[in-house]
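I have placed the structure first, in the form of structure tokens, so that the comments after it can refer back to it.
The values are calculated or read from the model by the stated rules, or taken from the named source; none is laboratory data. Values in this document were obtained by computation on a predicted structure and should not be read as measured data. Every residue, glycine as well, gets a Cβ built from its backbone with ideal geometry; the counts of neighbours run over all protein chains shown. The protein model used for the area step is the full one, side chains on, heavy atoms only, and it has no ligands, DNA or RNA in it. Shrake-Rupley method; radii C 1.70, N 1.55, O 1.52, S 1.80 Å.
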Amino acid sequence: MNVPQIRLESNFIKMGLNIEKPVQKIEQPPAIQSIQQPKAILEIETIPGKLTIDQTKAREDVDLKSVGRRIEEFAQNGYQDWLKGMERRAAQGTELMKIENGGTPIAYQAKENSEGSPKQFNIGWVPSLNSVKIQYEPAKVNIEAQPQKPKIEVEVRKPVHTYTPGKVSTEILEKNSLNIDFINLTI
């Protein structure tokens, strides 16, 4: 049997999307920086050491005396010898004045005047112990340092930001449709 029919055929709409992606750029320029470190203020004061060596006594012990010292000794020895000579002559004159008391003062005085004093000899150190005098004053160093603070200057730079927004557009790829068919229809 032929039954009348209505046939419906439908197609949905087909849509397409065109997408342009957004573009974002961010750049951070480096900061402008200036750092200076001034030198420290440094003051150094040095008082030099002082070494004093007195070898006068050691030089005298080995008979290396200065001219002034020799003249002084000769003058002193001459004066002492002059005093001893005066004393001896006075004593011998007194003995000769009393020649009548007996004895042989002339022979005794001749022997005494012709012979010198007996020589003495002893073992000793040349130069004598501790004859060189040494004195030392150490050097002094005064140091003063004043540190200086660093000078830091910074200029911060803003970031460079560019942004292009994205776009979305639609298009119809296929339209929707509806087809209607009638089958086995009799009028």
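Quick notes
- Restricting VAL154, VAL126, VAL132 to residues that are open to solvent by less than 90 Å² (accessible area, probe 1.4 Å), hydrophobic (A, V, I, L, M, F, W, C) and under 30 Å from ILE53 (Cα atoms) narrows the list to VAL132.
- Test: residue in the stretch 134-141 that is in a helix (DSSP H, G or I) and among the aromatic types (Phe, Trp, Tyr): no
- With respect to the stated conditions, GLY68 is without any contact (Cβ under 8 Å) to a residue 60 or more places away in the chain, open to solvent by less than 100 Å² (accessible area, probe 1.4 Å), within 30 Å of GLY49 (Cβ to Cβ) and not aromatic (Phe, Trp, Tyr).
- Tabulated pairs, the stretch 119-138, first over 13 Å from GLU60 (Cα atoms) and without any contact (Cβ under 8 Å) to a residue 12 or more places away in the chain, second part of a loop (DSSP other than H, G, I, E, B) and open to solvent by less than 100 Å² (accessible area, probe 1.4 Å), C-beta under 6 angstrom, 6+ apart or interchain: none
- Residue among ILE53, ILE44, ILE35 that is within 30 Å of ILE143 (Cβ to Cβ) and surrounded by 10 or more Cβ atoms within 10 Å (Cβ to Cβ): ILE53
- Among the residues of the stretch 1-23, none is identified as free of Cβ contacts under 8 Å to residues at least 12 places away in the same chain and in contact with a Ser or Thr (Cβ under 8 Å, 6 or more places away or on another chain).
- Residues in the stretch 71-114 that are of a type in the set (S, T, N, Q) and surrounded by 12 or more Cβ atoms within 10 Å (Cβ to Cβ): GLN92, GLN109.
- Inter-residue pairs, beta-carbon under 7 Å, first within 22 Å of THR162 (Cβ to Cβ) and in the stretch 24-42, second open to solvent by less than 90 Å² (accessible area, probe 1.4 Å) and of a type outside the set (Lys, Arg), 6+ apart: LYS25/THR162; ILE26/PRO159; GLU27/PRO159; GLU27/VAL160; GLN28/PRO159; PRO29/VAL160; ALA31/VAL154
- Condition check for GLU144: under 60 Å from the mean Cα position of the chain (by Cα) and more than 30 Å from GLN36 (Cα to Cα): no
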